[in-house]
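Read the structure below first, then the notes.
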């Protein structure tokens, strides 16, 4: 894995030391800002985020210990840089005090430059791990052969194959498909297979963030950039440096932000809100949308240049109705997942349920299917998942399948009556057949017929 790159603020009142440190760190491809003035360092720390603060202890006006104390008191842990203290007058007391305030290590002057670079690499690795822990890693209960993408259909195998082939590159990927088809899973698969798998994958839902805040969320801001910006904040692009960024619902982005995103894709650089300083990034962009971007380009609602920059590697996810053979696998997985999560016992799925579910079009795709199975499992009172359980809970079951076609309504009685009525229609009035279609006994059907006065 390549050594991590980072932004480093060096504070030392000796000009010669600053120049030597700056030269050595820049040769390691780090972004370095150096100052001999602790007050200037305070201003810089308030305006923007750094990955590492390298500070001398003995300085006029303000000591390194005092600078660290004020910085850590004013900066949340999640936004804080790693801290290394340098001193020519190292004492046990100073070392302990620096560590208590959050310093990772300290270096006693004079020190060898190679020694410094080793310590800096370790500090930046700590910072990378902290960022990954804070923003990225969510626990997953189980792993799958293909990163959670479930299916044996030809369409799914083609998608997995393309994701694996593009993963070794840094090419921009545009994932399209209806809502609920699994676009985020594909983005995760690409990143997890890439050489950057140990670096961050930052996810941004562009539709979920107000337009007025999205620029700051993507590119960060300095303190005072706008009302309420009481501290500098790193944007998602900076957090994703060295890894990948996943921009979901890219079609909702405003024209102004489209232009700024185009610049990032072209130049791999951006400016935080309120700053004149350009920051460079090295990352892969994965975008996703359920909209027709070509149509939006034709209508003037999406920049043509940006579309072509995004559409380098297109991956189109099929709706669930075009891969019905995968439904049994998905149902089996969701039943197991939610049974384990809720402590329910589901031994098997009743005969006829899977063929029925395969005939339904599932407009909400895999997400809708999972929601339906989760409801059925949670509310199940028996170890067998029946057609009636799924139907009564509101799943729209397929037409011409022998099962009633229903839409979820809050009135359960209405659902039950409609289920019985349509089951009788499908069974041409034969109660025995209607009861079998619903997965209940004839006695139970007779009870419901009497309860709802159905002739």
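The values are calculated or read from the model by the stated rules, or taken from the named source; none is laboratory data. For clarity, every value in this text was computed on a predicted model and none was experimentally measured. Here the Cβ positions follow ideal geometry from the backbone for every residue, glycine too, while neighbour counts run over all protein chains shown.
Please give the number of the condition residue 123 fails out of (1) under 30 Å from residue 204 (Cβ atoms); (2) in contact with a helix residue (DSSP H, G or I) (Cβ under 9 Å, 6 or more places away or on another chain); (3) at pLDDT 80 or above.
Evaluating residue 123 over (1) under 30 Å from residue 204 (Cβ atoms); (2) in contact with a helix residue (DSSP H, G or I) (Cβ under 9 Å, 6 or more places away or on another chain); (3) at pLDDT 80 or above leaves (2) as the failure.
Could you give me the residue pairs with C-beta distances under 6 Å whose first residue belongs to the stretch 363-390 and is without any contact (Cβ under 8 Å) to a residue 40 or more places away in the chain, whose second residue is surrounded by 24 or more Cβ atoms within 10 Å (Cβ to Cβ) and assigned to a loop (DSSP other than H, G, I, E, B) wherever it lies, and which are 6+ apart or on separate chains?
Listed pairs, sorted by first residue: 372/395.
Here is a check on your reading of the model: is residue 225 touching a strand residue (DSSP E or B) at 6+ places or on another chain (Cβ under 8 Å) and either more than 21 Å from residue 284 (Cα to Cα) or in a loop (DSSP other than H, G, I, E, B) (or both)?
It is true that residue 225 is touching a strand residue (DSSP E or B) at 6+ places or on another chain (Cβ under 8 Å) and either more than 21 Å from residue 284 (Cα to Cα) or in a loop (DSSP other than H, G, I, E, B) (or both).
Based on this model, can you work out whether residue 302 counts as under 25 Å from residue 187 (Cα atoms), touching a residue at least 12 places away in the same chain (Cβ under 8 Å), part of a helix (DSSP H, G or I) and under 28 Å from the mean Cα position of the chain (by Cα)?
No.
Filter the helices (runs of 4 or more DSSP H) completely within the stretch 327-403 down to those with at least 2 residues that are modelled with pLDDT of 80 or more, within 22 Å of residue 417 (Cβ to Cβ) and in the same structural domain as residue 186 (by TED's automatic domain parsing).
Values: elements: 327-342, 353-359, 365-378, 387-392.
Fully inside the stretch 327-403 and qualifying: nothing.
Output the residues belonging to the stretch 151-178 that are assigned to a loop (DSSP other than H, G, I, E, B) and at pLDDT below 90. Break it down into steps so the answer makes sense when it comes.
Taking the stretch 151-178 and keeping what is assigned to a loop (DSSP other than H, G, I, E, B), we get 151-153, 168-172, 177-178.
151, 152, listed by residue number.
May I ask you to list the residues in the stretch 18-36 that are in contact (Cβ under 8 Å) with a residue 24 or more places away in the chain and on the phi < 0 side of the Ramachandran plot?
Correct list: 20, 21, 24, 25, 28, 30, 31, 32, 33, 34, 35, 36.
Does the stretch 133-141 include one or more residues that are buried (at least 16 other Cβ atoms within 10 Å of the Cβ) and at pLDDT 90 or above?
no
Which is within 32 Å of the chain's Cα centre (by Cα) and either surrounded by 13 or more Cβ atoms within 10 Å (Cβ to Cβ) or at pLDDT below 75 (or both), of 431, 407, 417?
Just a single option satisfies the conditions, and that option is 407.
Report yes if residue 177 is in contact with a strand residue (DSSP E or B) (Cβ under 9 Å, 6 or more places away or on another chain), closer than 23 Å to residue 369 by Cβ and surrounded by fewer than 23 Cβ atoms within 10 Å (Cβ to Cβ), otherwise no.
Taking the combined requirement at face value, the residue satisfies it.
Of all residues being under 23 Å from the mean Cα position of the chain (by Cα) and surrounded by fewer than 17 Cβ atoms within 10 Å (Cβ to Cβ) in the stretch 272-289, which is nearest to residue 30 (Cα to Cα)? Just the residue, please.
The qualifying residue nearest to residue 30 (Cα to Cα) is 280.
Testing residue 343 on (1) in contact (Cβ under 8 Å) with a residue 40 or more places away in the chain; (2) over 27 Å from the mean Cα position of the chain (by Cα), one condition comes back false. Which one is that?
(1)
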